[in-house]
Amino acid sequence: MSCNLREKTISALRNDAIGKISKAKVNIEIYLHNPVGIGEHPDVLGAIQEQLDIIAHEEERIEVLEKHFDDQH
């Protein structure tokens, strides 16, 4: 039972990171295709950089999960 909980927990963490990456990518596409339509973000480049930072952070989390918590290790 605990192995199943372990797998579900790791899967949930991975899926959460993947979801945050997907959301950040969509936000970047919105900024790239319609930057004037985002009134609360006058600094479009800064807003894109924030989304890129989210992607980098979440990709690093996935790498750590795979490196340290993969069942093969």
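Inspect all residues belonging to region 30-48 and state whether any of them is assigned to a helix (DSSP H, G or I), exposed (fewer than 14 other Cβ atoms within 10 Å of the Cβ) and at pLDDT 95 or above. Within region 30-48 (the criterion being assigned to a helix (DSSP H, G or I), exposed (fewer than 14 other Cβ atoms within 10 Å of the Cβ) and at pLDDT 95 or above), the answer is no, since none of the residues qualifies.
The single condition among (1) surrounded by 10 or more Cβ atoms within 10 Å (Cβ to Cβ); (2) modelled with pLDDT of 95 or more that K67 does not satisfy is (1).
The values are calculated or read from the model by the stated rules, or taken from the named source; none is laboratory data. Quick caveat: nothing in here was measured; it's all calculated off a predicted structure. Ideal geometry is used to build each Cβ from the backbone, glycine not excepted, and the neighbour counts take in all protein chains shown.
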